[in-house]
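Contents: one structure, followed by commentary.
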Amino acid sequence: MTDYTVFDGHNDFLFRYARASKAQRAAMWTEGEGAHHLDLPRMQAAGFVGGFFAVWVPSPDDAGGLDFEAMMEVLPYDLPMPPILGQADALPTAMAQAAGLFEMERLSGGDLTVCQSGAEVRRAVEKGKVAAILHMEGAEAIGSDLSQLEVWHRMGLRSIGPVWSRPTIYGEGVPFAFPSTPDRGAGLTDLGKDLIRECDRLGILIDLSHLNEKGFDDVAAISSRPLIATHSNAHAITPSSRNLTDRQLAMIAESGGIVGLNFGCAFLREDGRRDANTGFDRIMAHLDHLIGTLGEDRVALGSDFDGAVIPSVIGDVLGLPDLIDAMIDHGYDPALVSKVSSGNWMSFLDQNL
């Protein structure tokens, strides 16, 4: 493999990190224990130069004992949506994860830095550091008083998805459903529309991954910023509710936006299953379609590391060089491989963050 780097649109390492004890966290991050997709030594070894680190709050165990993983093995599936999660329940977990990122920065001894602008990202990468952007996946921790968003912005929040795959006071996420379109449910609430306007004012990117189609259209109508989906795939290849239709992709391209390819097997496979026995051919099929629809400058990576079942041919962050080799073997020229692996995210952030 030639010397390529990777900038990643989405990972859920903070969720796993914050759940560990303080003693475990230090070793998990700085030494690595192999049970997760990411840690600092493996990121450095794999050429992982930065990414969006997501704050994500899980739903309480209120699903009546349903086995969601088993349900996704039987086609078709349409998993029930979790109920709305209130700010009082979401905020402590979200704060713990955000604090975790800053603890990771401290423990890294200068090898990871939390960045608040595209220029800071560029400088960090040029200095050989891992550049981290604080992202929020599902905005429950913000609450109905949007003035609190300014506090998060001052903490470094630079990207937010108004919803995860559950309803919020801002709008509706898509359920995990296959086969299904993303046209599920109503658009943004009035408060959700206000959230988009406030994010625009502060310079916080809006992530459309997990948002339903009517909500997507509302963001496109309200926001003056480019449309982005940090970790989503092509609905034309895998008809999952979580994937983007060609109409949505065309809107993203027209806005000057970007899409990060999700490694989650359920969003790659023809059968929609969370089966790690998924080859590079499925990834290439999605990349081909995304590049053909968005253009070479609008397609990137959004792994969903530590948040999804990913193909065993990748395995963890150390599999990124194998993915790059697969792109080369597929016939992508070096310039395109460089754009998809890191260049497109870096250019987008230079211009928009």
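The values are calculated or read from the model by the stated rules, or taken from the named source; none is laboratory data. In this text the structure is predicted, and so the values were computed from the model without any measurement. Positions of Cβ are generated from backbone atoms using ideal geometry, with glycine treated the same way; all protein chains shown enter the neighbour counts. With ligands, DNA and RNA removed, areas are computed over all heavy atoms of the protein, side chains included. Shrake-Rupley method; radii C 1.70, N 1.55, O 1.52, S 1.80 Å.
Here are the numbers:
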{"item": "Positions within segment 112-124 being open to solvent by 10 Å² or more (accessible area, probe 1.4 Å), within 16 Å of Gln351 (Cβ to Cβ) and not charged (D, E, K, R), in sequence order", "result": "Gln116, Ser117, Ala119"}
{"item": "Residues of segment 250-269 that turn out to be in contact with a Lys or Arg (Cβ under 9 Å, 6 or more places away or on another chain) and in a helix (DSSP H, G or I), as a count", "result": "7"}
{"item": "Given (1) touching a residue at least 60 places away in the same chain (Cβ under 8 Å); (2) surrounded by 12 or more Cβ atoms within 10 Å (Cβ to Cβ); (3) farther than 30 Å from Val337 by Cα, index of the condition Asp89 fails", "result": "(1)"}
{"item": "Hits in segment 211-257 (condition: of a type outside the set (A, V, I, L, M), open to solvent by 30 Å² or more (accessible area, probe 1.4 Å) and under 22 Å from Ser347 (Cα atoms))", "result": "Ser224, Arg225, Glu254, Ser255"}
{"item": "Segment 15-28 - residue that is under 20 Å from the mean Cα position of the chain (by Cα) and under 15 Å from Glu105 (Cα atoms) and, of those, most open to solvent (accessible area, probe 1.4 Å)", "result": "Ala18"}
{"item": "Selection from segment 108-136 of residues that are under 20 Å from Arg19 (Cα atoms) and out of contact with any Phe, Trp or Tyr (no Cβ under 6 Å at 6 or more places or on another chain)", "result": "Ser108, Leu134, Met136"}
{"item": "Residue count, segment 141-191 (criterion: assigned to a loop (DSSP other than H, G, I, E, B), open to solvent by 10 Å² or more (accessible area, probe 1.4 Å), under 29 Å from Cys115 (Cβ atoms) and not polar (S, T, N, Q))", "result": "4"}
